[in-house]
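Just so it is clear, none of the values below were taken in a lab; they were calculated from the coordinates. Note that the structure is a prediction, hence the values are computed from the model and not measured. Cβ placement follows ideal geometry from the backbone for every residue including glycine, while neighbour counts extend to all protein chains displayed.
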């Protein structure tokens, strides 16, 4: 039996797989964002219930944190404050009695989309999730591209001395497009915003961020996921991107994500197969 999970700031998705390729059973439980010990206890308890006594051969999961280089400890996070500088990998391996492979949650979701979703057949995939904030990953030949510190396209600067980002910086991409900031600046949740002038402005900022990501990562396809994209016209994104992306005459495809909330679990399965 194999175990995969996706730990976000609100919920944990935990699933089993008998063959390491398909999901058998999935369960969703609230994330104890400020209590690492309780979070690990809940994850372990849920895993044991799902596996029903079967031995766990290997574990793979994504967590909404920035990891250290060996992916064993969270060094920074916007949501799971109680999980920082805690022995994540060591504790999970001890509790589950199995090797554990960890990755940033957005990178894991991007790997899932690249290998089982909207990026199938593409060699170089850029994945961005436009949600509470903005995360992203570059996937090359079905593997998360080598990196030193992780990928944080949401924290590229698109406005010099612009509005304050949750991380403490100013003018960051996600501070103009992420759902948290839309609520802060327009005093209503993104899904409740009906003023098309607001969405037009947000879409223009999104096009700038995509331009920067494309000229740096040079992907075959850009996959856009996340809740905020449900309110943004993909046709308008492409139109505004055409105006700003002047260096490449044949820009990459811009497509919506396909796997929804299961992308991270499929990415975890792919990471298992690679290890």
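Brief remarks on what is shown
- Taking the C-alpha atoms only, the angle from helix 36-51 to the longest principal axis of the chain is near 70 degrees.
- Length gained on full extension, residue 93 to residue 201, computed as 0.36 nm times the residue gap minus the Cα-Cα distance: 34.3 nm.
- Put simply, the convex hull of the Cα atoms in region 1-159 casts, on average, a shadow of 9.5 nm².
- Residues listed by number, region 5-40, amide nitrogen under 16 Å from residue 86 label point at 7 Å toward C-beta: 6-13, 29-40
- Pairs of alpha carbons in region 142-275 separated by more than 20 Å make up 53% of all such pairs.
- Using a Förster distance of 45 Å, the FRET efficiency for residue 234-residue 19 (Cβ separation, nearest 0.05): 0.85
- Computed from Cα positions, the angle between helix 234-244 and the longest principal axis of the chain comes to roughly 60 degrees.
- Kirkwood hydrodynamic radius over Cα pairs of region 110-209, then Stokes diffusion coefficient at 37 °C and 0.692 mPa s, in µm²/s: 225 µm²/s
- Rg to Rh, two decimals, where region 147-204 supplies the alpha carbon set and Rh follows Kirkwood: 1.02
- For a label point 7 Å along the Cα-to-beta-carbon line of residue 164, residues of region 41-81 with backbone N under 20 Å: 77-81
- Sites residue 258 and residue 66, calculated FRET efficiency, Cβ-Cβ separation with R0 22 Å, nearest 0.05: 0.25
- Per-peptide packing, taken as the mean over residues of other Cβ atoms within 10 Å, places 172-179, 114-121 in the sequence 172-179, 114-121 from highest down.
- The relative contact order of the chain comes to 20 percent, based on Cα pairs under 8 Å that sit 6 or more residues apart.
- Shape category assigned to the chain from the gyration tensor of Cα positions, a/c cut at 1.5: prolate
- Value of [θ]222 nm, deg cm²/dmol, for the chain, DSSP H segments ≥ 4, -39500 (n - 2.57) each, nearest 500: -10500 deg cm²/dmol
- Sorting 255-268, 93-106, 189-202, 126-139 by average packing, meaning the other beta carbons within 10 Å per residue, from highest down gives 126-139, 255-268, 93-106, 189-202.
- Dimensions (Å) - region 8-53, Cα atoms, principal axes, largest first: 34, 21, 13
- Normalised contact order of region 121-257, rounded percent, pairs of Cα under 8 Å and 6 or more residues apart: 27 percent
- Extended-chain gain in nm, criterion 0.36 nm per residue less alpha-carbon gap, residue 26 and residue 246: 74.8 nm
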